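The values are calculated or read from the model by the stated rules, or taken from the named source; none is laboratory data. Since the model is a prediction, treat every value here as computed from it, not as a measurement. Cβ coordinates were reconstructed from backbone atoms using ideal geometry, including for glycine residues, and neighbour counts include every protein chain displayed.
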Amino acid sequence: MLKYTLIALIAAAALTLLIRVGLSIKASPFPAYPEHTPELTRIPLPDNLPALVRRFYQAIAGDEIPVIDSAVLTLSGHLRFMGITFPARMRFIHEAGRNYRHYIEAMVFNFPLLKVNEAYLDGRSRLELPVGVVENEPKVDQAANLGLWGESLWLSTIFITDSRVRWETIDDASARLIVPYGDTGEEDSFTVFFNAQTGLISRMEAMRWKETTDTEKTRWILEPLGWETVHGIRVPSPAAVTWASEGTPWLVVTQDDIAYNVDVSAYVRGRGL
């Protein structure tokens, strides 16, 4: 009996070690999007921006900012799902300020163990998760709208060029970013904090629905951990996403490739890579 118990313990320890090794292997990134970013049209910074906001855009792009109407973000990093942190690779497709689609693979031994297809199109969200499909949920739709605008930090000039978006000063370290929700005139907002030394955004926060059964929203935090220059504009990389109730980031990503102003009209409504 003791012999079999020892064998079982050794087997369990070996399996645990094997899983840990598999989860420690970095995910190979998806290939770069095949369509290349064209030369970007630039416009002067508006004169009516809050001082903090103007300083941010000067820090990332100068006195003239690129006009961005679409983006394909190829990312890799780590995500936590059901308490397990997986290496992951991602493709996020945006029709700026309107629609998005996500394709995510969670990896073990650089093999896609779990796949996620989710989209927010025409104000409606659909999530194809390993545990099932979620759709026709108003709380998820509202959460997805905040996700759309939070991810727009990777195409951040839309916060100026989209006439539906506006900034309001809060104090000498933060501003409110007000964004549309749907086509009914409803709005939502982020509190945006700026680094006093660099002028760059240090974090964005919003109150967001986490679960469909929740009766109160949870603070959702998007935090740039570094900045890289891509196509003449600085973007967050790496960046972390945290639910305040969890205390630590559930997602940390680094940009592998970004394509701006490419035709995504069909791609954003597709599925998979």
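Before moving on, here are some points about what is shown:
- Any hit, segment 52-61, residues being at pLDDT below 95, surrounded by 10 or more Cβ atoms within 10 Å (Cβ to Cβ), on the phi < 0 side of the Ramachandran plot and not aliphatic (A, V, I, L, M): no
- Some residue of segment 69-76 being under 23 Å from residue 203 (Cα atoms), more than 18 Å from the chain's Cα centre (by Cα) and of a type in the set (S, T, N, Q): no
- Among the residues listed as 69, 141, the single one being free of Cβ contacts under 8 Å to residues at least 60 places away in the same chain and of a type in the set (Asp, Glu): 141
- Matching residues in segment 194-206 - criterion: being under 18 Å from residue 249 (Cβ atoms) and either part of a loop (DSSP other than H, G, I, E, B) or of a type outside the set (S, T, N, Q) (or both): 201, 203, 204, 205, 206
- The lone exception for residue 106 - which of (1) at pLDDT 95 or above; (2) under 24 Å from residue 243 (Cβ atoms); (3) small (Gly, Ala, Ser) it fails: (1)
- Selection count where residues are out of contact with any Ser or Thr (no Cβ under 6 Å at 6 or more places or on another chain), surrounded by fewer than 17 Cβ atoms within 10 Å (Cβ to Cβ) and not acidic (Asp, Glu), scope segment 175-188: 3
- Residue in segment 218-225 that is closer than 24 Å to residue 116 by Cβ and outside any strand (DSSP E or B) present: yes
- Whichever residue in segment 198-218 is closer than 15 Å to residue 137 by Cβ and within 17 Å of the chain's Cα centre (by Cα) and, among such residues, is surrounded by the fewest Cβ atoms within 10 Å (Cβ to Cβ): 210
- Hits in segment 105-125 (condition: hydrophobic (A, V, I, L, M, F, W, C) and closer than 20 Å to residue 212 by Cβ): 116, 119, 121
- Any pair with Cβ under 8 angstrom, 6 or more apart, that starts in segment 187-211 at a residue that is within 19 Å of residue 166 (Cα to Cα) and ends at one that is in a loop (DSSP other than H, G, I, E, B) and not polar (S, T, N, Q): 191/170; 193/173; 194/173; 194/200; 207/217
- Options 129, 114, 121: the member that is hydrophobic (A, V, I, L, M, F, W, C) and without any contact (Cβ under 8 Å) to a residue 24 or more places away in the chain: 129
- Each residue in segment 109-121 was checked for being at pLDDT 95 or above and over 15 Å from the mean Cα position of the chain (by Cα), and 1 pass.
- The single condition among (1) more than 21 Å from residue 146 (Cα to Cα); (2) modelled with pLDDT under 95; (3) not hydrophobic (A, V, I, L, M, F, W, C) that residue 234 does not satisfy is (2).
- Evaluation of residue 270 against the conditions (1) surrounded by 15 or more Cβ atoms within 10 Å (Cβ to Cβ); (2) under 30 Å from residue 33 (Cα atoms) shows that the sole unmet condition is (1).
- Any hit, segment 136-151, residues being in a loop (DSSP other than H, G, I, E, B), at pLDDT below 95, more than 30 Å from residue 31 (Cβ to Cβ) and out of contact with any helix residue (DSSP H, G or I) (no Cβ under 7 Å at 6 or more places or on another chain): yes
- Boolean, residue 23 is modelled with pLDDT under 95, assigned to a helix (DSSP H, G or I) and surrounded by 12 or more Cβ atoms within 10 Å (Cβ to Cβ): yes
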